[in-house]
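Report on the following structure.
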Amino acid sequence: MPRPPAETDSRLRLYRRVLGVNLALIAGYVALALAWPAMLSHFPGFREPLPAEWVRVTGGMLAVVSLLYLQGLLDPIGARWPNLVGIGARFAMAALFLSLGGGFLWFALFDAVFGVLLALTYFRLPRAAPLARHP
């Protein structure tokens with residue numbers, strides 16, 4: 001039985017809001033990593049400062065990956081793969097960061113929290129909906 005349009009719209013707005021906040025926070029990290037890598041190279045929890053080049057590389061890679069998520073933000077129902085891969089990747093990265101310990105625990109917490117929030121909101125979306133209503 002299809003969901004009422006108001007419920008679908010509400011769920012779409014919530015998912016887009018959660019993903020939008022996540023991408024905005026990542027964009028903030030990207031801006032700092034590319035413009036002022038020294039600021040992030042002394043991240044709490046690391047014994048030694050990270051090389052500025054590595055901070056810039058992570059910022060650049062996150063920028064590219066975040067751009068791939070934009071289609072999933074714009075059309076969460078029609079573009080399922082960016083969202084499914086993005087949710088899975090957040091859990092995979094959380095596990096990797098957790099295994100590294102130290103200053104990476106903050107990154108693990110960030111990805112785990114957003115992985116859970118995105119999964120909870122995404123899997124409540126209907127599998128199909130009129131795409132003309134959801135640009």
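Output the DSSP H helices from the chain with an along-axis C-alpha extent of no less than 27 Å and a mean Kyte-Doolittle hydropathy no less than 0.5.
Numbers: long enough: 5-35 (43 Å, 0.63); 52-74 (33 Å, 1.25); 80-100 (30 Å, 1.05).
TM-like helix candidates: 5-35, 52-74, 80-100.
Once Rg and the Kirkwood radius are both taken over the C-alpha atoms of the stretch 1-67, their ratio Rg/Rh works out to 1.26. Taken along the Cα-to-beta-carbon direction at a fixed 7 Å, the label points for Leu25 and Ala95 span 2.1 nm. When only alpha carbons of the stretch 5-126 are considered, Rg and Dmax amount to 15.5, 53 Å.
Neighbour counts of other C-beta atoms within 10 Å: give me Ser10, Ser99 arranged from fewest to most.
Working: Ser10 13, Ser99 9.
Ranking Ser10, Ser99 by Cβ neighbours within 10 Å, fewest first, gives Ser99, Ser10.
Rank these for me by crowding, Leu100, Leu73, going from fewest to most other beta carbons within 10 Å. Numbers along the way, then the final one.
Values: Leu100 12, Leu73 18.
The most exposed by this proxy come first: Leu100, Leu73.
Based on C-alpha pairs under 8 angstrom that are at least 6 apart in sequence, the chain has a relative contact order of 28 percent. If R0 is taken as 25 Å, the Cβ-Cβ distance between Leu70 and Leu50 corresponds to a FRET efficiency of 0.35.
Within a 10 angstrom radius of the beta carbon, how do Arg90, Arg47, Arg80 rank from fewest other beta carbons to most? Walk me through the numbers on the way to the answer.
On the way: Arg90 21, Arg47 6, Arg80 14.
Lowest count first: Arg47, Arg80, Arg90.
Values in this text are rule-based calculations from the coordinates and carry no lab data. From a predicted model like this one, the values you see are computed outputs, not experimental measurements. Reconstructed Cβ throughout: ideal geometry from the backbone, glycine too, with neighbour counts over all protein chains shown.
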